Each structure stands twice: as C-alpha cells, then as structure tokens.
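Where a number appears in this text, it was derived from the coordinates with a stated rule and is not lab data. Every value quoted in this text rests on a predicted model; they were computed, and no experiment measured them. As a convention, Cβ positions derive from the backbone with ideal geometry for all residues, glycine included, and neighbour counts pool all protein chains shown.
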Amino acid sequence: MTTPHLPKVAGINPPLPAPSHTPPSPGSASPTDPTGPSSPTGTGATDTSGLPGSADARRARPTGPTGLSLPVPNALVQDRLAGWISALTTVQELTERLARTATLDAALHEVLRAGASLVGARRGLVTLHPARGPGHEHPTTVGFGLDRADLGHIETIPRGPEPAGTPGRRAPHGPPEPPRPFRAYEPRETPGPPEPTDAHGSRRSYGRDAAPGAAERHGSGAPYDSGETFGSGTFGPYGRLFDDLPPVGTRTGTAHPDIAADEELAPRHREVAARLGYGASYAVPLESEGAGRLGAAIWLYDEPAEPTERQRHLVGLYRDYATEHLARQLELAEARSAVATLREELLPSRLPRIAGVRLAVHHHGARQGGGGWYDALPLPEGALGLAVGGVTGSGPSAIAAMGRLRASLRAYAVMEGEDPVAVLSDLELLLRLTEPARAATALFAYCEPAGALRAAGRTNKVVLAGAGHCPPLIIGRQRIEYVETSLSAPLGMLACWEAPSVEIAPAPGETLLFYSDGLLHRTGDAMDRAFARLHRAAASVPRGSLDDPDALVEHILRTVLPDAPEGIDGDGDDVILLAAHFA
C-alpha cells in the first residue's frame, strides 16, 4: 500500500530533491513515471505549453550523465562561482602588476589605475601623509586622469575644522553634530551578529572594527578615536575630500553617489565637482598593519553612481595588499632620500667664485649610494683646487668613507696644494693606515687663473696629478684633446704610491672637463669606445655653448647618455662632470 505524498508546505520539502542511489536505466520505466517505453507520449504528451509534464519542459531541463534531471539552482551557483573566480583572478593579476613596480610614484599610479578598473571609475587621486614615520614630512599626492589645473581646483575646496561623521565632535557654533551617515562596506571573514547602525540605518565601524584593544581603552560602546582621525587637518589641501572617512582603525570606504544633490557637502565642493565634470566619488583609507593609516585614495565617476557590493569587496581585497606594498615603497623611498641627502651634504653646496674662471658641475648619484665625489675650493693667492674621485663600494659605508677622504684632501690642499703629487701621496698614506681594506681613485688639479694679471703677461696654469682616475679633457675652439697624464695606480693598491705631475696652460676660452669613470661605465661600451664617445660629444658642442660651462656640461651629458637624467638614477656608479672655463 502506497503512503500518500504529503502536501508541499513551506518548511517540509527540501529545496533540492535528494539524489537517487540506484538510478533507473534509460530503457526502464519508473513506476511513478507515466512516460515509459510502453507509453511514448505519457499523460502530459498532449500538452506542449511548457508545463512540468510537457515534452518541451523535459527537453529544456538539464540532464546529467545518467539522464537524471539536474536542479536549475546548480547552474546559477556555478555561474556565480565562475564570476567570483574570474573577479579574484583579475585581482590577482592586478596585485602581480603592482608587485612589479619599483618606485613609490609608479606604485601610486598603478594603485589608482587598478582601483579605477575595479570600481568602474575613470579618474582618481591618492594622497599619502602618515601621521608619523616615513613620509610624514614629505606628503605625496598623485592624480589619475587629473592634470595640474584639476588638482588646483580641488585644493580650493574648503577644509572642515573636524572630520565629518565623527560622533561627539562639537561644531564651531552649536551643539555636538550627530553622527553623519556614510555608505560603507567592509567584508567580514566570518559571520557574526548584526552590527550596530545609526539612526539612519548606516553601518558604523567605530566599535568592533576599530583597532585591537580599542574597546578596552575607551570603554564599551564608546567611539574609537586615537587622535589621528583622517580629516582635513591631516591631508593638507585635499583633506576635504576625505572628511567623512572613519577614524584610524577602520578600513571602510565612503561613497557619495550624487555629489550635486548632496546638501551635506560644502557648496564649493559641489561647484568644483561640476566644473571638473564628476558626479560621484568613492574613497577608501589606506591603512597597513605596521605603519597605521598612510593616506587615502578616491575615485571619481563622471555621472552619479555607486560601486556595487562586489566591487567594494574586490577593491577592499586589492587595497589591503596595495597598502602594505605602498608602506614598503614609502619606507624605501624615505631611506633613499636620506642617503641622497647625506651624500649631497658631504659634497660642496655651492661652487666658489674665482676671478678668471667659471665653474659648473653636474652630479647624479647612484640609487644605492655610490662613493663618487668632487670638490672645488679656493686656495691662497687666488688659486683654485679642483678634485674628482671615488672610493670602492656602495651604500652608507662608501658615502662615509668618501666624506672622510674629501675632508682630508681639503686639508692637504690648503697646506701643500701647489704640489698635487704631495697632496695625493699624503692622502694615500692616510687611506692605507686608516682604511687598509678600501681603495680609491683621485685626480687633483692646482689652478692659477690669469684673471686680471693677463695684461702683465701672466697665463693660465694648471698642475695636476692622478691616482687611477680618468684624464681630464680640454675643450676649446682650436683643440679637443685628453690631457696626457701618466698611468698610475689607485690609492691603497700599492705599498708605495707615486706618480709624476703634469702641467698645462689652458688658453682663454678653453674648458677643462673633469669627470668620473661612472660616466664611461654607464655607456655600456668598452672603455676605448666610451672615451671615443666622450670625445665626439665634446666635439659636437655648439659654438655658442663653448663659453657657457653649464650648457657645455649639459650637452655632453645628454650626448654621451641620451636617456639622462631618467636613465641615470638607477643602479650603477655615480656620474660627475666638473667643468672649469678659463677666461
């Protein structure tokens, strides 16, 4: 006796039928299936209106390998899973692209470009201004699809006295303003109880999503505020764009789906948006685990719009990785800047003014901090001392050794500068005694420009000596030639260093060019070809630039290294060009 089937009451039947453990063969007829082999048409064969019993419905229903009908929701789930896999693959590709950026500026541009593609925007802006640590003293702002004029208009947006949306903050006049609602989304890894909302039903994240320990420090239910709220006072002229972001410790984003209709925004904000042609915005804070909140990014829509929940989730995943990468790049850029500043402070901040000679210098340091150096110092009786050299190694230790070597050479030059061989001999002895594991190259020249004494028959006179350094180049209208200096070993390479000096007499209008071996190494050619390239560059100097040492050095630099200065600030040796033009 067959048990009657229960009626379909909500909560009784499962949404998906249970699979059969022993599915019938295709040729067998089921007792409950009215359409078996013996009845080709079955009960519903005469009805082709698409009802469950019709032939069209049976043909349209997906079947599995055994002929069983698959539930339609499975296809929907598969489509959703395929969509998420595709989206996560896109995020993975964007993070790999970001990981290949080597500078902070390139990373910021890539973050803006990737974020714009994820949220469906065309323009954006990112600003970094940490409350402390690397980058605090040097804020950075980069625009995407915004030129300087657009950024200038954004700077005119008035800055609020306090970040909007922070509960309990008192306006300049009046009672404390209520919490301002903002559209925020932050995915949770594990489901939890419903989060508290404000009077308008918007999510607030000042309690549970705040930094760890915030509830214990500020009391249960109290808004978390570390004193580093992300408002206009933190991010300079662009702070108004991020006034309504949550405090430090939360990572939710803020959307303004229709700026023109948002009366809570400043009138100037709506005016600038209309002028620049954007109707909506979506901003997210950039906060890392170790460095805290670094800054924020905002993307601008041409029309009123708002990112979907999926777009917010994806940009949140990308933002978490990007912020850590930006924190590392910011720290690295700060370290490089400190090394470059130290190196520049150890070199002359300005060139001396000596009658009868004009000086010019171009120095491009290596990214890791090279040991190249130069010097120009006035000496007694109107003389001038010029020096170029370099120490082995790179990094802070090489920079420190370069500073010690340059300071020692200045002292020896003041005492015995008229004898360059004696200056380099004393320098070699000092280097061998104090730093026996380090070698250095040096070229020192003692110059006596004629100046005002030319009428008395005085001529320009230069006495120089080198220790393993490249010979200087004389550039003039009548000749372009290398100074014939004798071959000598670098300082610290031999037990007893010695080399003869060379005396030359530059004619009026000629320029004596000193340079580092890094200029030749950067060409990538063999040394003989590099010397030939430098000679051709000097021969191609326009006649109008022969009397201008700055223009002469600039022309030679761009001729020998066509990609300068962009191609100079990478790995490699320091590039130094020191020119002395004699009147």
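Ranked by Cβ crowding within 10 angstrom, fewest neighbours first, how are Ile480, Ile576 ordered?
On the way: Ile480 19, Ile576 24.
Fewest-to-most Cβ neighbours within 10 Å comes out as Ile480, Ile576.
For region 347-582, the gyration tensor built on C-alpha atoms gives an oblate shape. Its axis ratio a/c (a ≥ b ≥ c) is at least 1.5, and a/b is not larger than b/c.
Please work out the FRET efficiency for the pair Arg458 and Glu416, using the Cβ-Cβ distance as r and a Förster radius of 22 Å; give the result to the nearest 0.05.
Values: r = 22 Å, r/R0 = 1.01.
According to the calculation, E is roughly 0.50.
Taking the Cβ of each residue in Arg336, Arg522 as the centre, tally the other Cβ atoms inside 10 Å and list the residues starting with the fewest. Kindly include the intermediate steps, with their values, before the conclusion.
Working: Arg336 17, Arg522 23.
Fewest-to-most ranking of Arg336, Arg522: Arg336, Arg522.
Of the GluC sites (Glu not before Pro) in region 454-539, the ones in a loop by DSSP (not H, G, I, E or B) with at most 15 other beta carbons within 10 Å are Glu484, Glu498.
Length available on full extension from Ala551 to Ala149: 0.36 nm per residue minus the Cα-Cα distance, which gives 141.5 nm.
Where does each of Phe444, Phe514 land when they are ranked from fewest to most other beta-carbon atoms within 10 angstrom? So the residues, fewest neighbours to most, are Phe514, Phe444. Working from Cα pairs under 8 Å separated by at least six residues, relative contact order for region 347-582 is 26 percent.
In terms of the ratio Rg/(2.2 N^0.38 Å) built on C-alpha atoms, what value belongs to region 305-362? Intermediate values should be presented prior to the final figure.
Values: Rg = 23.5 Å, N = 58, 2.2 N^0.38 = 10.3 Å.
Its radius of gyration relative to the 2.2 N^0.38 Å reference: 2.28.
Put a dot 7 Å past the Cα of Arg404, heading toward its Cβ, do the same for Ser337, and the two dots end up 3.0 nm apart. Between Arg275 and Ala495, full extension at 0.36 nm per residue minus the direct alpha carbon distance yields a gain of 71.8 nm.
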